[in-house]
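Report on the following structure.
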Amino acid sequence: MRVDAAEAEVVGVLGAVGGAARDEHAGEGDRQLCASRIHERLGQSAPAVMHAARASEINPNYVEALVHLAGLETRLGRRTRAIELLERAIACGADWPDIHCRTGELMIDCNAPEGARKHLSRALQLNADYTRAADALASLAA
């Protein structure tokens, strides 16, 4: 994602403030997640992943951090890792159609059709009108 100079400056200031707060309360997962999102916004993948991973270490059941980290891993091409994180998020309570759909789509990309069917079917069980999940499931039958 591209940012203009003014936006980069504002986000940079927010990052510095967030970093100072993070250093004061290094054990708080939400601050680590915030730092990750700031780094992501600045296009800094490595620190974004590091902070999101730290948030999920601080609180292994932090669904929001797990889903965010899975998105970062997906964008970096690490689909297997993203699947692991999404399945952890589901086990921690993220039994949501969009999470199952994303997991299923990643499994299709990783040539894991049985797992993909399971997740896409669950997405449709939770939301019968979820076209994206239905289309992905149909692609497995083709």
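The values are calculated or read from the model by the stated rules, or taken from the named source; none is laboratory data. Keep in mind that what you see is a predicted model, and the values were worked out from it rather than measured. Neighbour counts are summed over all protein chains in view; Cβ atoms, including those assigned to glycine, are modelled from backbone coordinates with ideal geometry. Keep in mind that these areas ignore ligands, DNA and RNA; they rest on the heavy atoms of the full protein, side chains included. Shrake-Rupley method; radii C 1.70, N 1.55, O 1.52, S 1.80 Å.
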- Tally, over segment 51-95, of residues that are among the acidic types (Asp, Glu) and not in a helix (DSSP H, G or I): 1
- Report, by residue number, each residue of segment 96-114 that is buried (at least 17 other Cβ atoms within 10 Å of the Cβ) and in a helix (DSSP H, G or I). PRO97, ILE99, HIS100, CYS101, ARG102, THR103, GLY104, GLU105, LEU106, MET107, ILE108
- Query: ALA53: at pLDDT below 95 and open to solvent by 20 Å² or more (accessible area, probe 1.4 Å), yes or no?
  - Reply: no
- Message: Quick test of your reading of the structure: GLU57 fulfils all but one of (1) under 25 Å from GLU28 (Cβ atoms); (2) within 14 Å of the chain's Cα centre (by Cα). Name the failing condition by number.
- Response: (2)
